[in-house]
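Asker: Handing you a structure now.
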Amino acid sequence: MNDPMPSPSPSSPANLFENPPQDFSKEHILPLHKSGGSRIERIFSNGQASPPGFWYDQARDEWVLLAAGSASLEFDGGRMLDLKAGDHLLIPAHQKHRVAAVSRDAVWLAVHLGGSTAGD
């Protein structure tokens, strides 16, 4: 389910790890905030890597933080990048990439930065 998480107020913070999905057969993306063309999402991967031959080619820069678990990203051209909990990076717009491998306990925070929303 991709229902938005209630926005925290200064006196009522939300926790990235609370209320994990109960269905572990697929990846779960939860929109946390959207403003001015940017959006923030929490992603529980549940071991769901990108399908063979699938590549993300996004119209906006994306900053990602792997908050828990481990993952391997593959970039167009064959470059592999292994990530562990706490690692973060900026993926420039139109940098083709895919999730080659991901642990069942992987939790991401993804920030899609301003600009065009076409194709995202």
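Asker: Output the residue which, of all residues in region 9-43 that are among the acidic types (Asp, Glu) and not in a strand (DSSP E or B), is surrounded by the fewest Cβ atoms within 10 Å (Cβ to Cβ).
Answerer: Glu18
Asker: So how many residues does region 57-79 have that are surrounded by fewer than 17 Cβ atoms within 10 Å (Cβ to Cβ) and farther than 16 Å from Ala106 by Cβ?
Answerer: Number satisfying all stated conditions: 8.
Residue-wise test of (1) in contact with a His (Cβ under 8 Å, 6 or more places away or on another chain); (2) modelled with pLDDT of 95 or more.
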| residue | (1), (2) |
| --- | --- |
| Lys26 | no, no |
| His33 | no, no |
| Ile40 | yes, yes |
| Trp63 | yes, yes |
| Leu83 | no, yes |
| Ala101 | no, yes |
| Gly115 | no, no |
| Asp120 | yes, no |
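Asker: Which residue pairs have Cβ atoms closer than 7 Å, lie 6 or more positions apart in sequence or on different chains, and pair a first residue in region 11-33 that is within 15 Å of Leu66 (Cα to Cα) with a second residue that is of a type in the set (Gly, Ala, Ser) and part of a loop (DSSP other than H, G, I, E, B)?
Answerer: Pairs found: Glu27/Ser45.
Asker: Only one of these is among the aliphatic types (A, V, I, L, M) and surrounded by fewer than 17 Cβ atoms within 10 Å (Cβ to Cβ): Ala49, Ala100. Name it.
Answerer: Ala100
Asker: Residue by residue through region 80-93, note down the ones that are surrounded by 15 or more Cβ atoms within 10 Å (Cβ to Cβ), within 16 Å of Ala106 (Cα to Cα) and out of contact with any strand residue (DSSP E or B) (no Cβ under 6 Å at 6 or more places or on another chain).
Answerer: Within region 80-93, no residue meets the criteria.
The values are calculated or read from the model by the stated rules, or taken from the named source; none is laboratory data. Every value quoted in this text rests on a predicted model; they were computed, and no experiment measured them. Quick reminder, even Gly has a Cβ in these numbers, built from the backbone with ideal geometry, and neighbours come from all protein chains shown.
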